[in-house]
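Engineer: Please see the structure below; I have some questions.
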Amino acid sequence: MTVWSPFFNLFCLSVEDRGDYVIREGETGDGIYFIWDGEAEVCGFNQVDDENRLEFQLKQFDYFGHGLATTIQPAEVIALSKLTCLVLPHEHNNLLQPKSIWNADKERDTCPLVEHILHLEPIEVNIFQGITLPDAPKFGKVFGGQFLGQALAAASKTVDSLKIVHSVHAYFLLVGDFDIPIIYQVYRVRDGKSFATRRVDAIQKGNVVFTLIASFQKYEDGFDHQDAKMPNVPDPETLLSMEDLREMRKTDPRLPRSDFAAVMLSYHNVLNLL
């Protein structure tokens, strides 16, 4: 705990009662808010007749208000219950801008190429921005694997870190333009105890060009099954062929002549008469 204490000293505590405005539309806010306890609701962000949509519900460990001190918030956040937030002031926002999406200690120039491709800038709650690297191979359009990787990275940023992806469905709707950024809008379809489902829309020029649906599952021990042991049997090369077995059934009285053997014998006799 001693290792973390200097970092936590940078935070301020914000406690709001149910119905209080945590931040209002048009304000800059005090920094980045991390929900420690309670729930909140996002209002005013393209929200028309969608008051109960899950992407507007903020729960424990969600965050909002990401941006610089000059960034104006596009929506209001209202406490749905007694709400406790840890607030990281704007002057310390750079601590949350890792130079690599996997390891903040790495230099940007030393990161593997795949990390550069998957790096996303958080714009707002559930909204991220990705780009096509200037030196990426050009195929006249955004490479499909880039859409898939960046969309999955965006979805993963909204899921409990204990859950890992186990199913992905992707739909390539329109050709992507590699000269402009890609906006990834994440929809929190479901958050369960063991499973979470996300839908991600990749948007360019106001159009959805790619859609991904991903399911995440918390690791759980499965059922224990008895391991079947291979019985001691002869090697396949040492076994008699089907023709040999048929001949033996016809000549060896000790072998039972099953209905199948009788049919095969009749068929063989018919062929001999032709």
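Engineer: Restricting to the range 153-178, name every residue that is of a type in the set (S, T, N, Q) and crowded, with 16+ Cβ neighbours inside 10 Å.
Structural biologist: Of the residues in the range 153-178, the ones of a type in the set (S, T, N, Q) are 156, 158, 161, 167.
Result: SER156, THR158.
Engineer: Within the range 111-136, how many residues are part of a loop (DSSP other than H, G, I, E, B) and either closer than 23 Å to LYS205 by Cβ or among the hydrophobic types (A, V, I, L, M, F, W, C) (or both)? Before the answer, list the steps.
Structural biologist: Of the range 111-136, the ones part of a loop (DSSP other than H, G, I, E, B) are 111-112, 119-120, 125-126, 131-136.
When the remaining residues are screened for being either closer than 23 Å to LYS205 by Cβ or among the hydrophobic types (A, V, I, L, M, F, W, C) (or both), the result is 111, 119-120, 125-126, 131-134, 136.
Residues flagged as part of a loop (DSSP other than H, G, I, E, B) and either closer than 23 Å to LYS205 by Cβ or among the hydrophobic types (A, V, I, L, M, F, W, C) (or both) within the range 111-136 amount to 10.
Engineer: Within the range 31-43, can you find the residues that are out of contact with any Asp or Glu (no Cβ under 7 Å at 6 or more places or on another chain) and under 11 Å from LEU86 (Cβ atoms)? Even if it seems obvious, please write down each step before you answer.
Structural biologist: Of all residues in the range 31-43, those out of contact with any Asp or Glu (no Cβ under 7 Å at 6 or more places or on another chain) come to 31-34, 36-42.
Those that are out of contact with any Asp or Glu (no Cβ under 7 Å at 6 or more places or on another chain) and under 11 Å from LEU86 (Cβ atoms): GLY31, ILE32, TYR33, PHE34, TRP36, ASP37.
Engineer: Criterion first (among the charged types (D, E, K, R) and modelled with pLDDT under 85) does ASP227 satisfy it?
Structural biologist: Numbers: among the charged types (D, E, K, R): yes; modelled with pLDDT under 85: yes.
It is true that ASP227 is among the charged types (D, E, K, R) and modelled with pLDDT under 85.
Engineer: Being assigned to a loop (DSSP other than H, G, I, E, B) and either at pLDDT 65 or above or among the acidic types (Asp, Glu) (or both) is the filter here, so list the residues in the range 75-99 that pass it. Reasoning before the result, please.
Structural biologist: Step one: of the range 75-99, the residues assigned to a loop (DSSP other than H, G, I, E, B) are 75, 80-82, 97-99.
Matches in the range 75-99: ALA75, LEU80, SER81, LYS82.
Engineer: Considering VAL175, VAL159, VAL168, which residue is at pLDDT 95 or above and out of contact with any Ser or Thr (no Cβ under 7 Å at 6 or more places or on another chain)? Before you say what the answer is, go through the steps one by one.
Structural biologist: Details: VAL175 fails: at pLDDT 95 or above; VAL159 fails: at pLDDT 95 or above.
After ruling out the rest, the residue left standing is VAL168.
Engineer: Looking at the range 145-175 only, could you name the residues that are free of Cβ contacts under 8 Å to residues at least 40 places away in the same chain, assigned to a loop (DSSP other than H, G, I, E, B) and not hydrophobic (A, V, I, L, M, F, W, C)?
Structural biologist: Hits for the range 145-175 are LYS157, SER161.
Engineer: Of all residues in the range 166-203, which are touching an Asp or Glu at 6+ places or on another chain (Cβ under 7 Å) and charged (D, E, K, R)?
Structural biologist: ARG188
Engineer: Output the residue which, of all residues in the range 43-74 that are among the hydrophobic types (A, V, I, L, M, F, W, C) and buried (at least 21 other Cβ atoms within 10 Å of the Cβ), is modelled with the highest pLDDT. Give the steps one after another, and end with the answer.
Structural biologist: The first filter runs over the range 43-74 and keeps only residues among the hydrophobic types (A, V, I, L, M, F, W, C), leaving 43, 45, 48, 54, 56, 58, 61, 64, 68-69, 72.
If we keep only those that are buried (at least 21 other Cβ atoms within 10 Å of the Cβ) as well, we get 56, 58, 64.
Numbers: PHE56: 76, LEU58: 88, PHE64: 84.
Restricting to residues being among the hydrophobic types (A, V, I, L, M, F, W, C) and buried (at least 21 other Cβ atoms within 10 Å of the Cβ), the top hit is LEU58.
The values are calculated or read from the model by the stated rules, or taken from the named source; none is laboratory data. As the structure is a computational prediction, the values presented were derived from the model and not from experiment. Glycine gets a Cβ as well: all are built from the backbone with ideal geometry, and neighbour counts include every protein chain shown.
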